[in-house]
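Engineer: Below is the structure I would like to discuss, written out as structure tokens.
The values are calculated or read from the model by the stated rules, or taken from the named source; none is laboratory data. The model shown is predicted, which means the values in this text are computed figures rather than measured ones. As a convention, Cβ positions derive from the backbone with ideal geometry for all residues, glycine included, and neighbour counts pool all protein chains shown. In case anyone asks, the SASA skips ligands and DNA or RNA and just uses the protein heavy atoms, side chains included. Shrake-Rupley method; radii C 1.70, N 1.55, O 1.52, S 1.80 Å.
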Amino acid sequence: MSDRYAVFGNPVGHSLSPRIHALFAAATGEALTYEAVEIPLGGFSAAARAFFASGGGGLNVTVPFKEEALRFADRLTERARRAGAVNTLARQGDGAVLGDNTDGAGFLRDLTENLGWPVAGRRVLLLGAGGAARGVLAPLLAAGPAELVVANRTAARARALAAAFADLGPVEGVGWEALAGRRFDLVIQATSAGLTGALPPLPEGLLSPGAHCYDLRYGAAAAPFLRWAATEGAAAAADGLGMLVEQAAESFALWRGVRPSTGPVLQALRRELAEKLAQ
Ligand code: ATR
């Protein structure tokens, strides 16, 4: 088994993945190295080929290379095919490279196990219809919501996404204007609007009593939506740091055959991020 791992992205300088996998390795006693590598745009396949040819064991793949990684993989898991993106590459015993996507499973695990928020029988709203939204649709539908509404600035993109997943459960795609007068028990923010401090234009009264709100991003990018959730009276709101740790644990388990415990790592990261903010 090779002990060399990395995350490929651009930019990748602020990635928490090296820290997370170092903590996992220490906790499980697995001897491995994991580094963040910035790959030039257009250079993903060549860099990944060189990495595996030189004995690398596995890669995480982040923005903007997840679709390129899907094409690079020799074999794909069903969940990677559904997500239309690969965030984890793993060298197999026969030398082939398997492409997987652990984002959706990591999200659902954070939601249901760490936070204890139910999905079954709930009215769920997913904001956004890009790659991040696509990655969580299949696990959300598998959890049995009463309804799942995908709302997006470009309504046609939401409708197309809903149509692509309609075989998995009750999903509908709409534009923002169709949200007026509707109520939801769980709202998931998956647009990239927060990266520029913006928020999708959400109507008042969208949350049912006791509703939960989750932003797939963390840090400053999640702040506008978390503020909105507090103003609108959400029972609880969470950012996506737990999802980041859970998807990493899924990747680690695929590579090493050992599932690290995530609670202590999530706690350590929250502490470190809070210290950085206070500096
Ligand atoms: P990602 O892979 O992060 O999901 P993406 O595939 O580029 O990135 O998708 C970005 C999502 O954020 C889309 O749903 C986009 O809406 P459009 O499909 O209409 O472009 C949404 N988005 C980005 N900026 C936004 C903004 N300022 N307000 C609302 N939605 C926004």
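Engineer: Provide the per-residue ³J(HN,Hα) series for segment 63-74, in order, calculated from phi with Karplus coefficients 6.51, -1.76, 1.60 and θ = phi - 60°, each as a whole number of Hz, with x at glycine and proline positions.
Structural biologist: Those phi angles translate into 3, x, 9, 5, 6, 5, 5, 4, 6, 6, 5, 6 Hz.
Engineer: Where does the chain land on Rg(C-alpha)/(2.2 N^0.38 Å)?
Structural biologist: Compared with the compact-globule rule of thumb, the chain sits at 1.00.
Engineer: Using only Cα positions of segment 104-241, each an equal point scatterer, no hydration layer, compute I(q)/I(0) via Debye at q = 0.14 Å⁻¹ and quote the log10 values to two decimals.
Structural biologist: Log-scaled intensity ratios, in q order: -0.54.
Engineer: Taking the mean number of other Cβ atoms within 10 Å as a proxy for protection, how do you rank 109-116, 198-205 from highest to lowest?
Structural biologist: In descending order of packing, they fall as 109-116, 198-205.
Engineer: Suppose all protein chains stay in the model; what accessible area per residue would a 1.4 Å probe give for segment 104-241, in Å²?
Structural biologist: 40 Å²
Engineer: If you don't mind, there's one more thing I want to ask. Which whole-number value in Å² is the accessible area per residue of segment 3-101, probe 1.4 Å?
Structural biologist: It amounts to 45 Å² per residue over segment 3-101.
Engineer: For a label point 7 Å from the Cα of Ala223 along Cα→C-beta, name the residues of segment 254-279 whose backbone N is under 18 Å from it.
Structural biologist: 270-279
Engineer: Tell me, in nm to one decimal, what length is gained between Ala146 and Ala31 on full extension, where the rule is 0.36 nm per residue of separation less the Cα-Cα distance?
Structural biologist: Contour length minus Cα-Cα distance gives 36.9 nm.
Engineer: So how tilted is helix 131-142 from the main axis of the chain? Cα-based, degrees 0 to 90, rounded to 10.
Structural biologist: Tilt relative to the chain: about 80 degrees.
Engineer: Quick one: grab Rg to one decimal and Dmax as a whole number for segment 3-101, Cα atoms only, in Å.
Structural biologist: For segment 3-101, the Cα-based Rg and Dmax read 12.8, 36 Å.
Engineer: If you line up the long axis of helix 241-256 against the longest principal axis of the chain, both from Cα atoms, how many degrees apart are they, to the nearest 10?
Structural biologist: Roughly 30 degrees, rounded to the nearest 10.
Engineer: Using a cut-off of 15 Å between beta-carbons, work out the net charge of the residues near Ala198 (Lys and Arg +1, Asp and Glu -1, Ala198 not included).
Structural biologist: +2
Engineer: How far apart, in nm, are two points set 7 Å out from the Cα along the Cα-to-Cβ line at Thr231 and at Leu277?
Structural biologist: 1.8 nm
Engineer: So what's the back-of-envelope 222 nm ellipticity for the chain, counting only DSSP H runs of four-plus at -39500 (n - 2.57) apiece and dividing by all residues, rounded to 500?
Structural biologist: -11500 deg cm²/dmol
Engineer: Right, something else. Would you please put 136-143, 69-76, 268-275 in order of how densely packed they are, using the mean number of other Cβ atoms within 10 angstrom per residue and starting with the highest?
Structural biologist: Ranked by mean Cβ neighbours within 10 Å, highest first: 136-143, 69-76, 268-275.
Engineer: I'd like the carbon and sulfur percentage of the solvent accessible area for segment 29-172, probe radius 1.4 Å, heavy atoms only, ligands and nucleic acids excluded.
Structural biologist: 51 percent
Engineer: To the nearest 10 degrees, how steeply does helix 263-278 sit against the main Cα axis of the chain, on a 0 to 90 scale?
Structural biologist: Helix 263-278 sits roughly 80 degrees off the main axis of the chain.
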